[in-house]
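Shown next, in structure tokens, is the structure this report addresses.
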Amino acid sequence: MTHIYLPDTGSNNALDVIEILVNVGDRVEKDQALFTLESDKATLDVPAPEAGTITAITIKVGSKIKTGDLIAEFSGSDTIGTPEVSAPVKTLPVETPQPVTKAAAPIAVATATTMTPEDTTDLYAGPSVRRMARLLGVNLKLVTGTGDKERITKDDIRAHVKNIVERAQTLPTQSGSGLPTMPTIDFSQYGPIETKALSRIKKLTAQNLSRNWLLAPHVTQFIDADISDMEAFRKSQSATYDKQGIKLTPLVFIMKALVAALKAAPTFNASLDASGDNLVLKNYFHIGIAVDTPDGLVVPVIRDVDQKSLSTLAKELAEVGTKARAKQLTAADMQGSSFTISSLGGIGGTAFTPIINLPNVAILGVSKAAIKPVWDGTQFAPRLMLPLSLSYDHRVIDGAEAARFIVTIANYLQEIRLLLL
Ligand code: CAO
């Protein structure tokens with residue numbers, strides 16, 4: 001058992017202990033930093049004189065210590081330093097860093113020492129923290145210090161790196177997006193907060209939406225479709241369907257109008273291949289339907305919409321809605337869509353700009369139908385108007401094509417007989 005005394009630091013002033021880097025029982029290597037001390041002008045590490053085991057620590061964070069003070073006990077071979085400093089080790093003034101020639105001398109890192117690529121000398125950070133930053137390639141200027149006087153601690157560096165890694169994992173796998181990251185913010189400094197973990201579905205959705213938003217240049221085209229006649233027809237049929245336990249909502253008509261428009265404009269029922277050089281046109285009409293659940297958004301797929309009757313579609317919609325909310329959808333239930341609809345019409349709102357469900361090339365947003373005054377050539381007539389939003393991938397679809405496509409959908413909804421034929 002030997003004692004470790006603080007070697008001559010080159011200063012008569014007491015130094016603050018700002019970090020204890022080891023615990024009792026730790027096996028340490030020669031020159032491993034044990035403590036970080038701070039004077040007015042510099043920070044310095046006290047290194048282990050040789051390999052051994054720490055058996056006691058006699059100082060704590062906040063202690064003020066001077067040359068010769070007992071700082072720890074060590075199961076090495078010799079007593080390190082000396083209480084009287086009668087045979088001082090080579091001293092190292094903290095203001096003037098020099099090469100360390102004896103193991104017991106503290107490694108000084110004066111404020112003028114540059115440890116990272118950028119000049120970070122005006123930042124409060126101990127040598128071990130600077131070393132950690134350098135090893136991880138962290139620019140200390142980007143790290144928020146949470147210690148006393150905004151000192152940067154190892155935990156701050158860990159939090160900074162964790163934040164960058166987490167954000168990188170929510171971005172597209174193609175690297176080099178060059179997007180700046182959000183700094184770590186302690187919101188509790190502004191008022192009371194609580195933290196709630198995101199559900200698995202929400203985290204997956206966040207990844208997909210971020211990727212889709214970044215990869216596809218989005219444009220959104222709007223139209224109000226006159227569904228007065230369609231609604232009159234739907235209501236006339238409702239009683240019959242109700243008896244069969246089928247709820248005929250506007251969505252099944254919209255699905256049928258969409259498929260008719262897709263048949264007239266096949267580039268909307270397509271995907272870009274991975275090379276980005278070819279468009280894969282699909283001869284099937286599988287429509288993804290966005291469903292909101294307490295755990296987040298899911299998009300089950302209704303297959304072969306072109307081949308199914310209104311009542312079959314209504315039944316299947318109800319089934320996937322129920323399955324989605326009961327968390328019973330399988331991966332297969334959510335794969336293979338050739339186009340997607342996001343309907344918020346049952347809830348409200350006048351319009352929105354949906355994010356494309358890649359690899360689809362467009363998505364139809366449906367808002368709540370409302371009676372509006374429409375000029376019929378001689379007067380304003382009250383008509384039930386359905387707001388539609390079409391977001392499309394401008395790499396694949398031109399504006400004129402998109403305008404024609406949304407007008408075609410609106411025409412089919414307006415002329416319900418065309419759909420039913
Ligand atoms: N305008 C006006 N009313 C509409 C409408 C519209 N565009 N769309 C639906 N409605 C009405 C329906 O007619 C129904 O009215 P009643 O209750 O009076 O019969 C009511 O709104 C609710 O419809 P719904 O949402 O139950 O049925 P749907 O066929 O429109 O939707 C499905 C099917 C699976 C999406 C649904 O079960 C569901 O989950 N809805 C919740 C909304 C949702 O999640 N949307 C996606 C959000 S994320 O983009």
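The values are calculated or read from the model by the stated rules, or taken from the named source; none is laboratory data. Being a predicted model, the structure only gives us computed values, none of them experimental. Glycine gets a Cβ as well: all are built from the backbone with ideal geometry, and neighbour counts include every protein chain shown. To get the accessible areas, we keep the full protein, side chains included, count just its heavy atoms, and leave off ligands, DNA and RNA. Shrake-Rupley method; radii C 1.70, N 1.55, O 1.52, S 1.80 Å.
Results for (1) more than 9 Å from the ligand (Cβ to nearest atom); (2) under 19 Å from H286 (Cα atoms); (3) touching a residue at least 40 places away in the same chain (Cβ under 8 Å); (4) under 33 Å from the mean Cα position of the chain (by Cα), shown as yes or no for each residue.
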| site | (1), (2), (3), (4) |
| --- | --- |
| L313 | yes, yes, yes, no |
| L317 | no, yes, yes, yes |
| A324 | no, yes, no, yes |
| G346 | no, no, yes, yes |
| S367 | no, no, no, yes |
| Q379 | yes, no, no, no |
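Just to be sure, is I363 assigned to a strand (DSSP E or B) and either within 13 Å of the ligand (Cβ to nearest atom) or open to solvent by less than 30 Å² (accessible area, probe 1.4 Å) (or both)?
On the way: assigned to a strand (DSSP E or B): yes; either within 13 Å of the ligand (Cβ to nearest atom) or open to solvent by less than 30 Å² (accessible area, probe 1.4 Å) (or both): yes.
Yes: the conditions hold for I363.
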Checklist entry - Counting only residues that are among the charged types (D, E, K, R), under 29 Å from K315 (Cβ atoms) and open to solvent by 70 Å² or more (accessible area, probe 1.4 Å), how many does segment 203-254 have? => result 5
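Test L329 against the stated conditions and say whether it is of a type in the set (A, V, I, L, M), more than 9 Å from the ligand (Cβ to nearest atom) and not in a loop (DSSP other than H, G, I, E, B). First the steps, then the outcome.
Values: of a type in the set (A, V, I, L, M): yes; more than 9 Å from the ligand (Cβ to nearest atom): yes; not in a loop (DSSP other than H, G, I, E, B): no.
Here the answer is no, as L329 does not meet what is asked.
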Checklist entry - If I406 passes every condition in (1) over 21 Å from L215 (Cβ atoms); (2) within 11 Å of the ligand (Cβ to nearest atom); (3) outside any strand (DSSP E or B) but one, which one does it miss? => result (2)
Checklist entry - Which number in (1) within 13 Å of the ligand (Cβ to nearest atom); (2) touching a Leu at 6+ places or on another chain (Cβ under 6 Å) marks the one condition that P266 misses? => result (1)
Checklist entry - Tell me, which residue of segment 285-311 that is away from the ligand (no atom under 15 Å from the Cβ) and under 14 Å from L258 (Cβ atoms) is nearest to the chain's Cα centre (by Cα)? => result H286
Checklist entry - Going by the structure shown, is D26 closer than 22 Å to V129 by Cβ, open to solvent by 40 Å² or more (accessible area, probe 1.4 Å) and either in contact (Cβ under 8 Å) with a residue 40 or more places away in the chain or in the same structural domain as T146 (by TED's automatic domain parsing) (or both)? => result no
Next on the checklist: When you check T353 against the structure, is it farther than 20 Å from A257 by Cβ and near the ligand (Cβ under 9 Å from one of its atoms), yes or no?
Outcome noted: no
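Here is a list: T153, T67, T91. Which entry is within 17 Å of N13 (Cα to Cα), among the polar types (S, T, N, Q) and modelled with pLDDT of 85 or more? Walk me through it before giving the result.
Numbers: T153 fails: within 17 Å of N13 (Cα to Cα); T91 fails: modelled with pLDDT of 85 or more.
It is T67.
If we keep just the residues of segment 225-249 that are acidic (D, E) and in a helix (DSSP H, G or I), which is nearest to Y412 (Cα to Cα)? Full working, then the answer.
The first filter runs over segment 225-249 and keeps only residues acidic (D, E), leaving 226, 229, 231, 242.
Restricting the remaining residues to those that are in a helix (DSSP H, G or I) gives 229, 231, 242.
On the way: D229: 11, E231: 13, D242: 25 Å.
By that ranking, first place goes to D229.
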Next on the checklist: Residues that are more than 15 Å from the ligand (Cβ to nearest atom) and of a type outside the set (V, I, T): does segment 231-240 have at least one?
Outcome noted: no
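If only one of G296, G288 is in contact (Cβ under 8 Å) with a residue 40 or more places away in the chain and on the phi > 0 side of the Ramachandran plot, which one is it? Outline the logic, then answer.
Working: G288 fails: on the phi > 0 side of the Ramachandran plot.
Testing whether each residue is in contact (Cβ under 8 Å) with a residue 40 or more places away in the chain and on the phi > 0 side of the Ramachandran plot leaves just G296.
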